[in-house]
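Before any comments, here is the structure.
Since every read-out is calculated from the coordinates, none of them should be taken as a lab result. Note that this is a predicted model, so its numbers are computed, not measured. Cβ coordinates were reconstructed from backbone atoms using ideal geometry, including for glycine residues, and neighbour counts include every protein chain displayed.
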Amino acid sequence: MTTHTVTIANRESATYQVNARRPLLEQLRDQGVDLPYGCEYGGCITCAAKLVEGEVDQRRQVALNNRQIDNGYVILCVARATSDITLEIGVDSHDKLYRNPFLDPLKPHELKADIAMPQPSSSKAIGQEKEG
Amino acid sequence: MECCGPGYASPSDAIKAPREKLLYTIAIYTGTGIQKPDYLATVDVDPDSPTYSQVIHRLEMPGIGDELHHMGWNACSSCFEDENMSRKYLILPGVRSNNLHIVDTATDPRAPRLHKVIEGAQIKSQTNLSGPHTVHCLGSEIIISMLGNAKGEAPGGYLHLDKEFEIQGRWENSMGDIKFGYDFWYQPRHNVMVSSEWAAPNTFMPGFDLEEVGHLKYGRELHFWDFEAREPVESFYLGEDGLLPLEVKFHHDPDSTHGFCGAALSTNVIHWWKNDAGKWQWEKIIDVENEQHPDWPIPLPGVMSAILISMDDKYLYLNNWLHGDMRQYDISDPHNPVLTGQVFMGGLLGKAPSVNGVDVAGGPQMFQLSLDGKRLYVTTSLFSTWDNQFYPEIREKGGVMVQIDCDPVNGGMKINEDFIVDFGQEPNGPSRCHEARYPGGDCTSDIWL
């Protein structure tokens, strides 16, 4: 069984061991971390956290647009750690999660994956596995 | 008519019902950062009571993260002649969790209690549905619009429960070519149901990406159903006039074919009716102009997320969540509405940043009218993720409930200065109130056969 260490930066850098094959939300909750959540299938963003370091596999999420992914957001109810990772959790990590769409429109490549145009430059999100 | 079932013999009897003394509103913590369950709040609306204008009871749901939203009764006036039925249970769906909470409001109306929970996972596995929204009783049974399949993809369908709250499966025989679901209302004497379109849960739950409207991820059609055959028979493409057609209401008069829909993003009211040749027709009757925000590069739509018809079918009420105003229109001639009242509370235009001494985060959003048409209770939160985008200060300030006094004879609206419920002061921290209902039935629940 592959395990990784999760460090929660905004909870005094508390650390937890997680199984690489199971979603982060249920494992962290099982270990007593108080985390928000809603749909539990990757569709609703309530459990979003910010990935500060490391890599996750969150291919099953369908809630995030590409700008949110580029800003480091991960959907804990479906994301699995593929390395040791550092997260910021809860709404205090949501500073860039929400935007007023009238004031701050998305560029075509920043839409959700199913409707996004190809990214014009070669800049790529760090630490995200987006491809299946 | 002498009878013993729930509700009233007719809309005109409902208008004469005793004044409401309690109301129920859901209040959410989902998406607020407070790790507590959403709850059903009982609000004292009796001016002669020492606890008037206060939350007097809170029924917490068993888990966190439901996002309670709309709710509905187990029975309404459609069961008026059924002595075996009573309006005892309020059904509170969790949009995000899919859990359905059945709450007994009759044993102690001031302190409702949880009767049963239908687990979201069970609904998904038995019906392949998720994203519960509108609840209507259906004679003695219940249907709930479900906006997605078990994976949160549109169009979803309709969940059918029996009166014991057992899952009966899917109500509809076909969804036809319908792309999305949202609200619905039926008018049995005309064998018709009308349904509207928001978006797939996977689209709207994470928040509002305006760009997705252009990618056809949000609805713009109304659907007319053969109610007995349980299948759609005709659809109206509303185009740019009908972006995000949300709430649908028929006249309360069961003989009428007139109905209305608020197109939220276009901020228009769509009117439909059956003409003399028996054909359904539609037209746009109200078009709220966009407003220029001093600091914004593009004009601001009103965002009409709800509409309501008074029990006498004389007035239509609507909100502009982003502009911050509630409006009253005389729809005696439904083709030619006349604006008769308007008040501001909150909103992004800065016209009424506080009401009765309370800062308003958000704008007018959900509302419930008294049966006599005189008191309109208005709340300010739309949906947790959308609130967080447009009104981020609602995290600290919470929602509010305001009462607007309405003149049902001559028209007119005025904020009641004696009433305000500040959900920013709740014991567990700021919560957000949404839909409200009265124990005896209200202006958005009852249908007459």
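Filter the GluC sites (Glu not before Pro) in region B:209-309 down to the DSSP loop ones having no more than 13 other Cβ atoms within 10 Å, then list what survives.
Working: sites: B:211, B:212, B:221, B:228, B:234, B:240, B:247, B:283, B:289, B:291; in loops: B:228, B:289.
Answer in residue order: B:228, B:289.
Gap in Å between the Cα centre of region B:44-108 and the Cα centre of region B:204-252?
Here the two parts' Cα centres lie 27 Å apart.
Report the calculated FRET efficiency for residue B:449 and residue B:119 (r = Cβ-Cβ distance, R0 = 30 Å), to the nearest 0.05.
Plugging the Cβ-Cβ distance into 1/(1 + (r/R0)^6) gives 0.40.
Where in region B:1-98 are there GluC sites (Glu not before Pro) that are in a DSSP coil and have at most 15 other Cβ atoms within 10 angstrom of their Cβ? Let's see the in-between values first.
Values: sites: B:2, B:20, B:60, B:67, B:81, B:83; in loops: B:2, B:20, B:67, B:81, B:83.
Here the GluC sites (Glu not before Pro) that fit, given the DSSP loop and packing criteria, are B:2, B:81, B:83.
Treat every Asp and Glu Cβ in region B:155-200 as -1 and every Lys and Arg Cβ as +1, leave all other atoms uncharged, and give the resulting dipole magnitude about the Cα centre to the nearest 20 debye. Provide the component values of the computation, followed by the final result.
Details: 4 positive and 7 negative charges, 27 e Å.
Result for region B:155-200 is approximately 140 debye, rounded to the nearest 20.
Can you tally the net charge around residue B:428? Count Lys and Arg as +1, Asp and Glu as -1, for every other residue whose Cβ sits under 13 Å from the Cβ of residue B:428.
My count for the surroundings of residue B:428 gives 0.
In nm, give the distance between the simple-model label positions of residue A:86 and residue A:104, each being 7 Å from the Cα along the Cα-to-Cβ direction.
2.3
With θ taken as phi - 60° and the coefficients 6.51, -1.76 and 1.60, list the Karplus ³J(HN,Hα) couplings across region A:6-19 in order, rounded to whole Hz; mark glycine and proline as x.
9, 10, 9, 5, 9, 10, 6, 6, 4, 10, 9, 9, 10, 7
Can you list the HN-Hα couplings for region B:293-305, worked out from phi with the Karplus curve (6.51, -1.76, 1.60; θ = phi - 60°), rounded to whole Hz and with x for Gly and Pro?
Coupling constants for region B:293-305: 7, x, 9, 10, x, 10, x, 9, x, x, 6, 8, 8 Hz.
Residue B:192's amide H: which non-local residues (gap 5+, or another chain) put their own amide H closer than 5 Å, with H modeled 1.01 Å from N in plane and none for Pro or chain starts?
B:187, B:227
Averaged across the residues of B:197-207, what count of C-beta atoms belonging to other chains lies within 10 Å of each residue's C-beta?
Whole-number average of other-chain Cβ neighbours for B:197-207 is 5.
Between residue B:115 and residues 5 or more places away or on another chain, which pairs have amide H atoms under 5 Å apart, with H built 1.01 Å from N, and which residues are they?
B:102, B:103, B:104
Return the loop-located GluC sites (Glu not before Pro) in region B:370-449 (DSSP other than H, G, I, E, B) with at most 15 other Cβ atoms within 10 Å of their own Cβ; answer none if there are none.
B:393
With bins 20 Å wide starting at 0, give me the P(r) of the protein assembly as shown over every alpha carbon pair, in whole percents.
Spelled out per bin, shortest first, that is 21, 57, 20, 1.
Residue by residue through region A:86-101, what is 3J(HN,Hα) from phi via Karplus (6.51 cos²θ - 1.76 cosθ + 1.60, θ = phi - 60°)? Round to whole Hz and write x for glycine and proline.
10, 10, 10, 10, x, 5, 5, 9, 8, 4, 10, 6, 10, 9, 7, x
Please give, to one decimal in nm, the separation of the simple spin-label points placed at residue B:335 and residue B:229, each 7 Å out from Cα toward the Cβ.
Here the modelled spin labels are 2.9 nm apart.
Given the DSSP H assignment, sum -39500 (n - 2.57) over each helix run of at least 4 residues in chain B and divide by its residue total; what's the result at 222 nm in deg cm²/dmol, nearest 500?
Theoretical 222 nm ellipticity from helices: -1500 deg cm²/dmol.
Taking a ≥ b ≥ c as the square roots of the eigenvalues of the Cα gyration tensor of region B:11-437, is the shape rounded (a/c under 1.5), prolate (a/b larger than b/c) or oblate?
Verdict is rounded for region B:11-437.
Summarise the partner chain shielding of A:102-110 as one whole number: the mean count of Cβ atoms from other chains within 10 Å of each residue's Cβ.
4
What does the C-alpha gyration tensor say about the overall shape of region A:3-99? Classify as rounded when a/c is under 1.5, otherwise prolate if a/b is larger than b/c, or oblate.
Cα axes put region A:3-99 in the rounded bin.
Which lysines have a Cα lying under 21 Å from the Cα of residue A:50, excluding residues fewer than 8 positions away in the same chain?
A:96, A:112, A:124, A:130
Give the long-range amide H neighbours of residue B:168: residues separated by 5 or more places, or on another chain, with amide H under 5 Å away, using H modelled in the peptide plane at 1.01 Å from N.
The answer is B:160, B:161, B:162.
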